[in-house]
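One structure is given below, encoded as structure tokens.
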Amino acid sequence: MKARFAIERDVALLGGGGHGRVLLSVAELLGGWVVGVSDPKLVEGGGPRGLPVLTDDQLRERCAPDQVLLMNGVGSAGVADARAELFWRWRARGYRFTPVIHPSAVIADNAEIGEGAQVMAGAIVQNDAKIGLNCLINTRASVDHDCVLEDTVHLAPGVTLSGNVRIGERSHLGTGAVVIQGVRIGKRCMIGAGAVIVGDLANETKVAPGAVAGDRKEASA
């Protein structure tokens, strides 16, 4: 039986830094053949694991949109604008992104996983959760039932979302952050590592590492 999220076409990696190297390892586990990496920082040197380095133009010349799927190797340590812009630039060129789901991740059968979403080792996505386009659920993060992640949300390692949480697009939740049930977090928010979110947050809210934040009056049970 094939894995639910097996990669059955050639793939190209966009971004060869730390997160990109993690994706390479996962792609190998999923049976994907990585044809090369496009990253301006690597043009003068070799790619990770000896992969050929391609400029954007070379990738487009060698691999038509119907011949290859892409993986977004750009992570984020804050609001995920760069990751989003890369995704939409290549989508506008006609390319599509493969989901990248580590075999050790636990994904409920009725969870929705959007194009290009990535779920790393040990992460959990529970029943009726909806994961938007280009999201990154990093190592050991947990997304409980009925959560909704809009496009390009990044949950850093160890983040915990209780049930029925909604996170707005391009928001970043730092390592080990916790969000209680029913909370709504707006777009382009930056939640520091270890923060505890106990109520709703407006768009573009910044929460310091380790802080307790949120309007408790607006949080639903």
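Return a whole-number percent for the relative contact order of the chain, with Cα pairs under 8 Å and 6 or more residues apart as the contact set. Provide the component values of the computation, followed by the final result.
Values: 638 pairs, mean separation 25.0, N = 221.
With pairs under 8 Å counted, the relative contact order is 11 percent.
Any idea what angle helix 18-29 forms with the longest principal axis of the chain, computed on alpha-carbon atoms, 0 to 90 degrees, nearest 10?
Once rounded, one gets 70 degrees.
What size of dipole, in debye to the nearest 20, comes out for the chain about its Cα centre when the only charges are +1 on Lys and Arg C-beta atoms and -1 on Asp and Glu C-beta atoms? Kindly include the intermediate steps, with their values, before the conclusion.
On the way: 23 positive and 24 negative charges, 45 e Å.
Charge dipole of the chain: 220 debye, to the nearest 20.
So how far, in whole Å, is the C-alpha centre of segment 91-139 from the one of segment 145-210?
Measuring centre to centre over Cα atoms gives 17 Å.
Suppose only helical runs count, i.e. DSSP H with n ≥ 4. What mean residue ellipticity at 222 nm does that imply for the chain under -39500 (n - 2.57) per run, divided by all residues and rounded to the nearest 500 deg cm²/dmol? Walk me through the numbers on the way to the answer.
Working: 3 runs with 31 residues, N = 221.
Value at 222 nm, helices only, nearest 500: -4000 deg cm²/dmol.
Please report, to one decimal in angstroms, the Kirkwood hydrodynamic radius of segment 83-221 built from all distinct Cα-Cα pairs. Don't jump to the answer; show the numbers that get you there.
On the way: mean 1/r = 0.0685 Å⁻¹.
This gives a value of 14.6 Å.
Pick out, from Val35, Val125, Ala177, the residue whose Cα sits farthest towards the positive end of the charge dipole of the chain, with +1 on the Cβ of Lys and Arg and -1 on the Cβ of Asp and Glu.
In the chain, that residue is Ala177.
Can you tell which of Ala211, Val22, Leu161 lies farthest toward the positive end of the dipole of the chain, using +1 and -1 charges on the Cβ of basic and acidic side chains (Lys, Arg; Asp, Glu)?
Towards the positive end, the residue furthest out is Ala211.
If you put +1 on each Lys and Arg Cβ and -1 on each Asp and Glu Cβ, how big is the dipole of segment 11-98 around its Cα centre, in Debye rounded to 20?
Details: 10 positive and 9 negative charges, 30 e Å.
Roughly 140 debye for segment 11-98.
If you scale each eigenvalue of the Cα gyration tensor by 5 and take the root, what three semi-axes come out for segment 11-98, rounded to whole angstrom and sorted largest first? Walk me through the numbers on the way to the answer.
On the way: eigenvalues 55, 53, 38 Å².
Over the Cα atoms of segment 11-98, the ellipsoid semi-axes are 17, 16, 14 Å.
Total Lys pairs in the chain closer than 30 Å by alpha-carbon, pairs eight or more apart in sequence or interchain only?
Final tally of qualifying lysine pairs is 9.
Here, each number is a calculation from the coordinates, and none is a lab measurement. Fair warning: this is a prediction, and the values are worked out from it, not measured in the lab. In this analysis, Cβ positions are derived from the backbone assuming ideal geometry, glycine residues included, and neighbour counts consider all displayed protein chains.
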